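Here you go, one structure.
What follows is calculated from the coordinates using simple rules that are stated; it is not laboratory data. Predicted model, so just to flag it, every value in this text is computed and none were measured. Glycine also receives a Cβ, built like all others from the backbone with ideal geometry; neighbour counts cover every protein chain displayed.
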Amino acid sequence: MSMQNAKPVESKSGIALMAVAIVIALSGVFAFALLADQPALVRVGVLLGCILVGAVIGWFSAPGKEFAAYCKASYEELRRVVWPTRKETVNTTGIVCAFVVVVAFFLFLVDSLIDLALRLLI
């Protein structure tokens, strides 16, 4: 088995650190709901502060670093994608629409024939 497909062993401290980060971020959401009588600026400040603290804690955990590496690799891969031109997109969309109409007509005919056969039998 290659090392590329091997799943890294996650440490318990990394998982615990990520759990703490998630709990802190969620506590901001709950605090936002519980502080309904406070001004909106205070509520949004608490929400954003908790999410920011949770993100920073999660960033420094092992799973957070793996996620950051995954995002970086995904972005690099996205930059290598060759996107179709407008003309290719329009042509492909037209072909798909025409095929959908043909299949719909075919299914209509099959359904009509089955309906006719059942009406004649009953």
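Going by a ≥ b ≥ c, the root eigenvalues of the Cα gyration tensor, does the stretch 63-114 fall in the rounded group (a/c under 1.5), the prolate group (a/b larger than b/c) or the oblate group?
Values: a/c = 9.29, a/b = 2.29, b/c = 4.05.
Because a/c hits 1.5 or more and a/b fails to exceed b/c, the stretch 63-114 counts as oblate.
How far is helix 40-59 tilted off the main Cα axis of the chain, in degrees rounded to 10, range 0 to 90?
Around 90 degrees separate the two axes.
Treating only the Cβ of Lys, Arg, Asp and Glu as charged (+1, +1, -1, -1), what charge dipole size does the stretch 12-79 show about its Cα centre? Round to the nearest 20 debye. Present the calculation step by step, with values, prior to reporting the outcome.
On the way: 5 positive and 4 negative charges, 21 e Å.
So the dipole magnitude of the stretch 12-79 works out to roughly 100 debye.
If we sort 76-88, 109-121, 29-41, 13-25 on the protection proxy, mean other Cβ atoms within 10 Å, highest first, what's the order? Numbers along the way, then the final one.
On the way: 76-88: 7.7, 109-121: 9.2, 29-41: 11.7, 13-25: 15.5.
So the peptides 76-88, 109-121, 29-41, 13-25, ranked by packing, come out 13-25, 29-41, 109-121, 76-88.
Quote the FRET efficiency, to the nearest 0.05, computed for Leu34 versus Phe67 with a Förster distance R0 of 35 Å and r equal to the Cβ-Cβ distance. The partial results should precede the final answer.
Values: r = 29 Å, r/R0 = 0.83.
The formula returns an efficiency of 0.75 here.
Please give every one of the aspartates and glutamates within straight-line cross-link reach of Lys65, meaning a C-alpha to C-alpha distance under 19 Å, and leave out same-chain neighbours fewer than 8 residues apart.
Glu10, Glu76, Glu77
When only C-alpha pairs under 8 Å and at least 6 residues apart count, what is the relative contact order of the stretch 17-122, in percent?
Values: 52 pairs, mean separation 26.1, N = 106.
Computed over the stretch 17-122, the figure is 25 percent.
Related question: Which value in deg cm²/dmol, rounded to the nearest 500, describes the helix-derived mean residue ellipticity at 222 nm for the chain, given -39,500 (n - 2.57) per DSSP H run of n ≥ 4 and division by the residue count? Present the calculation step by step, with values, prior to reporting the outcome.
Values: 4 runs with 97 residues, N = 122.
For the chain, the value works out to -28000 deg cm²/dmol.
Let me ask something additional. What are the equivalent ellipsoid semi-axes of the stretch 4-101, built from the alpha-carbon gyration tensor (square roots of five times its eigenvalues), in whole angstrom, biggest first?
Numbers: eigenvalues 321, 129, 30 Å².
Taking √(5λ) for each Cα gyration eigenvalue gives 40, 25, 12 Å.
Now a separate question. What distance in nm lies between label points placed 7 Å from Cα along the C-beta direction at Glu77 and Phe106?
Output for this residue pair reads 3.3 nm.
State, as an integer percentage, the relative contact order of the stretch 12-79 based on alpha-carbon contacts under 8 Å between residues 6 or more apart. Spell out each step's value before the answer.
Details: 58 pairs, mean separation 28.3, N = 68.
It comes to 42 percent, rounded to a whole number.
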